[in-house]
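Peer 1: Supplied in structure tokens, the structure appears directly below.
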Amino acid sequence: MVSKIRVLLGMLVLLALAIGAIALLATVKANAVWFTIVPLGILFLGASLIRSLGWFNKESR
């Protein structure tokens, strides 16, 4: 079973990191392709990492 609060919190953290990466890319005037690759990479790879660490799993009581 998946804890919805943990998923929400994890995704909000990853979203904040992706938005920060977009802001950083804007300040260095990166090419448009990086604005797609980097945030999606942060979201997908971060979610995979968090899931593989078992952070989305609900503890049994």
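The values are calculated or read from the model by the stated rules, or taken from the named source; none is laboratory data. Note that the structure is a prediction, hence the values are computed from the model and not measured. The accessibility values were calculated without ligands, DNA or RNA, using every heavy atom of the protein model including side chains. Shrake-Rupley method; radii C 1.70, N 1.55, O 1.52, S 1.80 Å.
Peer 1: So what is the calculated 222 nm ellipticity per residue for the chain, using -39500 (n - 2.57) for each DSSP H run with n of 4 or more, over all residues, to the nearest 500 deg cm²/dmol?
Peer 2: -24500 deg cm²/dmol
Peer 1: Next question. Using θ = phi - 60° and the Karplus form 6.51 cos²θ - 1.76 cosθ + 1.60, what ³J(HN,Hα) does each residue of the range 25-38 get, whole Hz, x for Gly and Pro?
Peer 2: Listing the rounded values in order: 5, 5, 6, 8, 6, 6, 5, 5, 5, 5, 5, 9, 5, 5 Hz.
Peer 1: Carbon and sulfur together cover what percent of the accessible area of the chain at a 1.4 Å probe radius?
Peer 2: On the chain, the fraction of accessible area on carbon and sulfur atoms equals 72 percent.
Peer 1: Running Debye on the chain with equal point scatterers at the Cα sites and no solvent, what base-10 log of I(q)/I(0) appears at q = 0.18 Å⁻¹?
Peer 2: Once normalised to I(0) and log-transformed, intensities are -0.65.
Peer 1: Compute the accessible area per residue over the chain, keeping the other protein chains in place, probe 1.4 Å, unit Å². Provide the component values of the computation, followed by the final result.
Peer 2: Details: 4930 Å² over 61 residues.
Normalised by residue count, the accessible surface of the chain is 81 Å².
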